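Peer 1: What follows is a structure written as structure tokens; I'll ask about it next.
The values are calculated or read from the model by the stated rules, or taken from the named source; none is laboratory data. What you are looking at is a predicted structure, and each value in this text was computed from that prediction instead of being measured. When we count neighbours, we look across all protein chains shown, and the Cβ atoms used for this are built from the backbone with ideal geometry, even at glycine. Note: accessible area is taken over every heavy atom of the protein model, side chains too, but ligands, DNA and RNA are not part of it. Shrake-Rupley method; radii C 1.70, N 1.55, O 1.52, S 1.80 Å.
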Amino acid sequence: MTTKTNSPSGAWAGTQIPGQAGRTALVTGANSGVGFETAKTLAEHGAAVVLACRDPEKGQDAARRIQAAAPTAELTVLPLDLASLASVRQAAQQLRATHDRLDLLICNAGLGWVPYTRTADGFELVFATNHLGHFALTGRVLDLMVNVQGSRIVVVSSPAHRQATIDFADLQSEKHHSKRAAYGQSKLANLLFAYELQRRLAAAGAEAVALAAHPGGARSNFNRNLPWLFRGPNYGLFRPLSHPSAIGALAILRAAVDPSAHGGDYYAPSRRMEFTGYPVLRRSSAASYDTNAQRLLWEISEELTCVHYPLTDQNPGRVSR
Ligand SMILES: NC(=O)c1ccc[n+]([C@@H]2O[C@H](COP(=O)([O-])OP(=O)(O)OC[C@H]3O[C@@H](n4cnc5c(N)ncnc54)[C@H](OP(=O)(O)O)[C@@H]3O)[C@@H](O)[C@H]2O)c1
């Protein structure tokens, strides 16, 4: 079952997760780290889980590991490369062929600290994967969620968003690129997207809500691109600032299933600069609540992905399908 630790009394340590039988969750990046732990815990609580992974073999391996912990779990592996808009379109089509509703969409997959790389679509790789891919995926499956009671979209950000800015004049980091800035920008974009999505869902009278979360310093494969000092052996200098992925996943799970969570909430670990601890409700950076930036990013993202949401910010009470 879910990782249970000696949590302080009152901490949201996963024991509060309600039964998820009859619900379907899609988790991106479900083969590794925080996404794997999130998918596993949802499956253990009875949800049917779609493991959306760019490498189907890794997805199948993750499914086997989850099945070992939850033998009756209903698991599907969905090939999805978020850095490719064609792959996102195909994944959405495949999902729609087999599912007519979705209760939870966990936009978790991500990477960072990679050298400047352009995707086949012409976008900077980190922005494309972490933000644009999730923007496109959500837009393509949102109509499976809008009218489903209790449905939630959870977008996974990072404390790295706090030092970040969005350079609308150079979103693809063509004029200036640094690994840190590109990752921070993508994680700020995750929050701008989540909050704008929530505003539009609420204005449309949708049942679905959008929330955000981050896992803190989670010991996962994420560090593979960081300098040696922060990855090995045994995560090096990162170790005292980090906790197991299963604990990091709790912030995402809380955003996904805590009955007291609301659209627009942001859950993050409670301790050590948000790096460790059980999830609590927090405020993200002032920049992430800038509604002009939220709207602008939304419009640019629709243009870049050619995915136009079945929601506008001006149609209260109506959700077009
Ligand atoms: N670990 C931390 O300390 C930390 C802190 C703050 C925020 N986060 C956030 O937490 C999330 C999960 O990260 P993690 O720590 O669990 O890292 P992880 O172990 O490296 O897992 C990342 C997942 O994203 C997938 N992914 C990467 N590029 C993809 C693409 N183009 N299409 C589809 N999937 C792709 C990876 O697939 P492959 O296995 O095939 O590469 C993997 O499944 C990320 O959004 C990250 O920004 C992590």
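Peer 1: Does ALA293 satisfy being open to solvent by less than 10 Å² (accessible area, probe 1.4 Å) and small (Gly, Ala, Ser)? Break it down into steps so the answer makes sense when it comes.
Peer 2: Numbers: open to solvent by less than 10 Å² (accessible area, probe 1.4 Å): no; small (Gly, Ala, Ser): yes.
Spelling it out, it is not the case that ALA293 is open to solvent by less than 10 Å² (accessible area, probe 1.4 Å) and small (Gly, Ala, Ser).
Here's the yes/no breakdown for (1) crowded, with 24+ Cβ neighbours inside 10 Å; (2) away from the ligand (no atom under 16 Å from the Cβ); (3) small (Gly, Ala, Ser):
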| position | (1), (2), (3) |
| --- | --- |
| ARG199 | no, yes, no |
| ALA202 | no, yes, yes |
| ASN221 | no, no, no |
| LEU229 | no, no, no |
| GLY236 | no, no, yes |
| VAL257 | yes, yes, no |
| HIS262 | no, yes, no |
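Peer 1: Return the residues of segment 242-272 that are closer than 9 Å to GLY217 by Cβ and touching a helix residue (DSSP H, G or I) at 6+ places or on another chain (Cβ under 9 Å); say none if nothing qualifies.
Peer 2: SER242, GLY248, PRO269, ARG272
Peer 1: Does ALA136 satisfy being over 30 Å from TRP228 (Cα atoms), among the small types (Gly, Ala, Ser) and within 12 Å of the ligand (Cβ to nearest atom)?
Peer 2: Working: over 30 Å from TRP228 (Cα atoms): yes; among the small types (Gly, Ala, Ser): yes; within 12 Å of the ligand (Cβ to nearest atom): yes.
Answer is yes for this residue.
Peer 1: Still on this structure, I have one more. If you check SER284 against the conditions, is it surrounded by fewer than 19 Cβ atoms within 10 Å (Cβ to Cβ), among the hydroxyl-bearing types (Ser, Thr, Tyr), within 21 Å of the chain's Cα centre (by Cα) and outside any helix (DSSP H, G or I)?
Peer 2: Spelling it out, it is not the case that SER284 is surrounded by fewer than 19 Cβ atoms within 10 Å (Cβ to Cβ), among the hydroxyl-bearing types (Ser, Thr, Tyr), within 21 Å of the chain's Cα centre (by Cα) and outside any helix (DSSP H, G or I).
Peer 1: Still on this model: Give me the pairs, please: first residue somewhere in segment 123-135 and of a type in the set (Asp, Glu), second residue anywhere and within 11 Å of the ligand (Cβ to nearest atom) and open to solvent by less than 10 Å² (accessible area, probe 1.4 Å), beta-carbon distance under 9 Å, and either six or more positions apart or on two chains.
Peer 2: Final answer for the pair search is GLU124/SER186.
Peer 1: Which ones in segment 57-75 are open to solvent by less than 60 Å² (accessible area, probe 1.4 Å) and either in contact with a strand residue (DSSP E or B) (Cβ under 7 Å, 6 or more places away or on another chain) or outside any helix (DSSP H, G or I) (or both)?
Peer 2: Across segment 57-75, the qualifying residues are GLY59, ALA62, ALA63, ILE66, ALA70, ALA73, LEU75.
Peer 1: Go through segment 134-178 residue by residue and tally those that are small (Gly, Ala, Ser), open to solvent by less than 10 Å² (accessible area, probe 1.4 Å) and within 18 Å of LEU42 (Cβ to Cβ).
Peer 2: Of the residues in segment 134-178, 1 are small (Gly, Ala, Ser), open to solvent by less than 10 Å² (accessible area, probe 1.4 Å) and within 18 Å of LEU42 (Cβ to Cβ).
Peer 1: Kindly evaluate GLY217 against the criterion of being of a type outside the set (Ser, Thr, Tyr) and touching a helix residue (DSSP H, G or I) at 6+ places or on another chain (Cβ under 8 Å).
Peer 2: yes
Peer 1: Pairs, please: C-beta under 6 Å, at least 6 apart or cross-chain, first residue within 16 Å of THR138 (Cα to Cα) and at pLDDT 95 or above and in segment 19-44, second part of a loop (DSSP other than H, G, I, E, B) and acidic (Asp, Glu)?
Peer 2: From segment 19-44, the pairs are THR24/ASP103.
Peer 1: Next question, about the same structure. Name the residues in segment 171-198 that are under 17 Å from LEU304 (Cβ atoms) and assigned to a helix (DSSP H, G or I), would you?
Peer 2: Listed by number, the residues that qualify are ALA182, GLN185, SER186, LEU188, ALA189, ASN190, LEU192, PHE193, GLU196, LEU197.
Peer 1: Quick check on my filter: what residues within segment 3-56 are surrounded by fewer than 24 Cβ atoms within 10 Å (Cβ to Cβ), part of a loop (DSSP other than H, G, I, E, B) and within 16 Å of the ligand (Cβ to nearest atom)?
Peer 2: Listed by number, the residues that qualify are THR3, SER32, ARG54, ASP55.
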